[in-house]
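Undergrad: Below is one structure. I have some questions about it.
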Amino acid sequence: MSPTTVHIVAAVIFALALIHTFSTSFFEHLAHTRPAHAGAWHLLGEVEVVFGFWAMILIVAMAFLSTGQQAIAYLDSRNFTEPLFVFAIMVVAGSRPILQAARMAVDGIVRVLPLPRPLAFFFTALSFVPLLGSLITEPAAMTLAALLLRDAVFKGASNRLRYAALGVLFVNVSIGGTLTPFAAPPVLMVAAKWNFDIVYMITHIGWKASIAVLINATVLTLVFAREIRALPPVPPSEEARVPLPLLVLHLLYLLGIVVFAHHPAAFMALLLLFMGTATAYPQHQDRLILREGLLVAFFLGGLVVLGGQQQWWLQPLLLQMDATSVYYGATALTAITDNAALTYLGSLVEGLSDEFKYALVTGAVTGGGLTIIANAPNPAGASILRSRFDDGAINALGLLAGAALPTVVAIGCFRLLPNL
């Protein structure tokens, strides 16, 4: 298809948003060195603000290039279910009862591992929790893993360990949700149309992803074993144990939001009920992460708006590749666009071979840890962990370096291991 003026402008704005994403640490540095406009620099340094900010510029540009009604009609045509879902799941998964349940599950695994406790905790948080994402969805797994690691590891770690752990976390969450067809956004986009049921996911993709997750977590734990063991211990929590009925109720809220993940009216109603419960029992709650959740939803909403105008160049690029090329192409393209958008574009094409479908989906999840925008749960993890990095900002090149080796491991597993 021939690009229109709006398409070209949208592509330019998308490119500027990508450049801005890689420059957030620069703006945070300006906020600390030039206090006269610190507020503005902090705003521009919020990675979660980037795509929402540029999406607003796109809508204004569309209004000038066409009409205001057409710009609003385009906005109304976008599907914002995923941003709303990630917001809802972040808020519930970040509540004290859910975190206590997650800690109990992690502690149960830590006790049986033949490793010193700090190493066992680190390994479990980077392996078991990402794989748990296949059941509770990747955004929930990312939220839980980031909250578990924030004070126990990221608070006292070196920059080298922080970026290495962040890279492994992002890659493992991206591939760890592939044991089921409903947990990973890029799989979810094509599962029904391409008949990727749970048997197919386990036998063709999930078991390979599980091996890659375990390898990544094991290697990182061994390489940084000395530093991890030397980290200051986290003081025992003084918070009261949440009563069992309240904990079960919170788990039911989380389950309900997962079950109704494609029905925003239903899961947002559950979120409101959850907030009412949290208000009724404040002694069993910490501060709800509403701000962080809203920022992540704003980020993903902006990506939906900007990504909707990129089909004109992205889809032809995918279609001119063979299965091997599309795997590596999808891995690379995922770094600059949401991986769910890639698989969605592929699902619009008829007559694709099974090999091509496998390559597109596995390539999309393989590259899901390379950048913050590569996978929908990444902004959630970044929002929780970025306060532990210098100037409160995650350096995009540091993340890319930390995710490089785990991504290579995932490539090896997906390309070399046979199907069951």
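Undergrad: Roughly what would the spin-label model give for residue 117 and residue 59, points 7 Å off Cα along C-beta, in nm?
TA: Placing both labels 7 Å beyond Cα along the Cβ direction yields 5.0 nm.
Undergrad: Cα-Cα pairs above 27 Å in the range 277-420: how many percent?
TA: On the way: 3405 of 10296 pairs.
Here the tail beyond 27 Å accounts for 33 percent of pairs.
Undergrad: Same structure, new question: Could you state the number of Å between the C-alpha centres of the range 214-289 and the range 355-385?
TA: 22 Å
Undergrad: Can you tell me the length gained on complete extension of the stretch residue 34 to residue 390, counting 0.36 nm per residue apart and subtracting the Cα distance?
TA: On the way: separation 356, 0.36 × 356 = 128.16 nm, distance 1.64 nm.
Extra length from residue 34 to residue 390 when fully extended: 126.5 nm.
Undergrad: Oh, and also: If you roll a 1.4 Å probe over the range 372-420 with all protein chains in place, what percent of the accessible area is carbon or sulfur? Please report the intermediate quantities before stating the final value.
TA: Details: 1150 of 1740 Å².
Here carbon and sulfur together make up 66 percent of the probe-accessible area.
Undergrad: Run the numbers on the chain and let me know its relative contact order in percent, using alpha-carbon pairs under 8 Å that are six or more apart. It would help to have the intermediate numbers written out before the result.
TA: Details: 641 pairs, mean separation 113.9, N = 420.
Computed over the chain, the figure is 27 percent.
Undergrad: Next question, about the same structure. Per-residue ellipticity at 222 nm for the chain, helices alone: DSSP H runs ≥ 4 residues times -39500 (n - 2.57), over residue total, nearest 500 deg cm²/dmol?
TA: Values: 23 runs with 298 residues, N = 420.
Result for the chain, helices only: -22500 deg cm²/dmol.
Undergrad: How many angstrom separate the Cα center of the range 323-341 from the Cα center of the range 1-77?
TA: So the separation of the two Cα centres works out to 23 Å.
Undergrad: To the nearest 0.05, how large is the calculated FRET efficiency for residue 417 and residue 105 if R₀ is 30 Å and r is the Cβ-Cβ distance? Provide the component values of the computation, followed by the final result.
TA: Numbers: r = 28 Å, r/R0 = 0.93.
Result of the calculation: an efficiency of 0.60.
Undergrad: Which whole-number value in Å² is the accessible area per residue of the chain, probe 1.4 Å?
TA: Dividing the accessible area of the chain by its residue count gives 42 Å².
Undergrad: Another question about this same structure. Given a 1.4 Å probe and every protein chain left where it sits, what share in percent of the accessible area of the range 212-267 is carbon and sulfur?
TA: Roughly 71 percent, rounded to a whole number.
Undergrad: Between residue 323 and residue 252, what is 0.36 nm times their sequence separation minus the Cα-Cα distance? Round to one decimal in nm.
TA: Details: separation 71, 0.36 × 71 = 25.56 nm, distance 4.13 nm.
Extra length from residue 323 to residue 252 when fully extended: 21.4 nm.
Undergrad: Taking every alpha carbon pair in the range 361-415, what does the distance histogram look like in 5 angstrom bins from 0, in percent?
TA: 4, 20, 26, 24, 15, 7, 4, 1
Undergrad: When the accessible area of the range 1-78 is computed with all protein chains present and a 1.4 Å probe, what percentage of it is carbon and sulfur? Provide the component values of the computation, followed by the final result.
TA: Numbers: 2990 of 4230 Å².
Carbon and sulfur together cover 71 percent of it.
Undergrad: Another question, if that's okay. Over the range 323-420, what is the relative contact order in percent, taking alpha-carbon pairs closer than 8 angstrom and at least six residues apart? Please list the in-between numbers first.
TA: Details: 103 pairs, mean separation 28.6, N = 98.
Relative contact order here is 29 percent.
Undergrad: Determine the gain in length on full extension of the stretch residue 223-residue 350; use 0.36 nm per residue of separation and subtract their C-alpha separation, reporting nm with one decimal. All intermediate terms of the calculation are to be shown ahead of the outcome.
TA: Numbers: separation 127, 0.36 × 127 = 45.72 nm, distance 4.57 nm.
My answer for the length gained is 41.1 nm.
Undergrad: Still on this structure, I have one more. So the label point goes 7 Å from the Cα of residue 193 along Cα→C-beta, right? Which residues of the range 71-106 then have their backbone N under 16 Å from it?
TA: 79
The values are calculated or read from the model by the stated rules, or taken from the named source; none is laboratory data. Computed from a predicted model, the values in this text were never measured in an experiment. Heads up, the Cβs are rebuilt from the backbone with ideal geometry, glycines too, and the neighbour counts pull from every protein chain shown. When the accessible area is computed, the model is the full protein with side chains, heavy atoms only, and any ligands, DNA or RNA have been set aside. Shrake-Rupley method; radii C 1.70, N 1.55, O 1.52, S 1.80 Å.
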